[in-house]
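Beneath this line is the structure, given in structure tokens, with notes to follow.
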Amino acid sequence: MSYNALSLRVILVLPVLGLVAGCAKAPPAVPIGDGLTVVAPDIAFERSLKAGKLPADWVVVGNVPKGALSIAVVNGTAALQVDGSAEPFAVMRRTKASLLATPYLTWGWNVVPTRKGPHPVQVVVGLRDKSQPKRRSWLDLGDKDASVDRLITIVWEETALGRGTVIGPIQRNDEAERARYIARGGQEQGQRWWIDTVDLSLIHHQIWPKDKPANMDIVLIGVAVAKADRNGVMNLAHLRLNR
């Protein structure tokens with residue numbers, strides 16, 4: 001399936017339902033300090049999943065089907081297990097991080113690959129140019145400091161040959177510009193743990209060379225399930241933003 005058909009756009013038109021924060025307005029964005037662990041996962045997060053109410057610094061787009069998110073122990077490692085056969089949705093943690101100060105995103109993943117095409121589960125990073133007035137936004141949280149005008153999806157591809165490839169930017173209508181980064185892929189690399197680290201500032205520069213990196217903030221990090229005609233499970237552990 002082509003990237004144009006990778007239907008994060010479908011997510012956009014869905015109401016914010018399902019696992020929602022407990023209060024009407026999210027608290028101030030999470031300060032970074034030396035880094036931020038987005039998904040550990042830990043006992044508190046697991047309890048939130050079971051209660052159907054994620055912590056207030058998380059944002060949900062779409063309706064998260066029952067069982068689409070769970071905590072599982074995979075080959076001895078606790079992980080957030082995401083079912084890629086579900087309807088499109090995204091769960092993202094609000095962050096407040098300078099792209100230059102904390103550019104490194106590290107995570108572990110153990111993936112059950114699809115038989116064909118890119119995996120429907122993706123790691124999502126939303127960025128905002130704080131020097132610009134509010135621009136086209138993929139997601140408007142009612143907070144100018146959390147609106148997204150640059151979106152990077154990090155994907156597991158059909159084969160391992162595309163690793164390190166950047167595709168984009170792409171823009172549709174009035175939506176934010178987006179791009180895809182292929183971090184890993186292939187049936188032969190599936191169902192075993194891999195630890196990967198990407199430099200988001202480098203990826204951003206490759207995609208949007210005219211942007212000033214010092215003006216860019218990372219405002220959302222999480223996972224999304226894209227509309228697809230194939231199933232696939234992704235296990236994520238220790239998703240972390242670092243200096």
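The values are calculated or read from the model by the stated rules, or taken from the named source; none is laboratory data. Remember, it's a predicted structure, so these values are computed and weren't measured experimentally. For neighbour counting, all protein chains shown are included, and Cβ atoms are generated from backbone atoms with ideal geometry for every residue, glycine included.
Structural remarks
- Looking only at segment 115-126, and only at residues there that are buried (at least 23 other Cβ atoms within 10 Å of the Cβ) and not in a strand (DSSP E or B), the one that is farthest from the chain's Cα centre (by Cα): P118
- A single member of A68, A40, A79, A44 is surrounded by 16 or more Cβ atoms within 10 Å (Cβ to Cβ) and at pLDDT below 85, and it is A40.
- Here the condition is being over 15 Å from the mean Cα position of the chain (by Cα), at pLDDT below 90 and not hydroxyl-bearing (S, T, Y); of I170, I207, it holds for I170 alone.
- Strands (runs of 3 or more DSSP E) completely within segment 147-233 that count 2 or more residues being touching a helix residue (DSSP H, G or I) at 6+ places or on another chain (Cβ under 6 Å): 166-170, 177-185
- Flag if K50 is surrounded by fewer than 21 Cβ atoms within 10 Å (Cβ to Cβ), basic (K, R) and not in a helix (DSSP H, G or I): no
- Considering residues of segment 53-65 that are more than 21 Å from V112 (Cα to Cα) and out of contact with any Pro (no Cβ under 8 Å at 6 or more places or on another chain) only, the residue surrounded by the most Cβ atoms within 10 Å (Cβ to Cβ): V61
- Taken over segment 188-204, residues that are surrounded by 15 or more Cβ atoms within 10 Å (Cβ to Cβ) and over 17 Å from the mean Cα position of the chain (by Cα) amount to 3.
- Test: residue in segment 27-37 that is modelled with pLDDT of 80 or more, more than 24 Å from A176 (Cβ to Cβ) and of a type outside the set (F, W, Y): yes
- Tabulated pairs, segment 83-108, first closer than 10 Å to D217 by Cα, second surrounded by fewer than 22 Cβ atoms within 10 Å (Cβ to Cβ) and among the basic types (K, R), C-beta under 6 angstrom, 6+ apart or interchain: T102/R243
- Residues of segment 84-109 classified as under 16 Å from N231 (Cβ atoms) and surrounded by 19 or more Cβ atoms within 10 Å (Cβ to Cβ), total: 4
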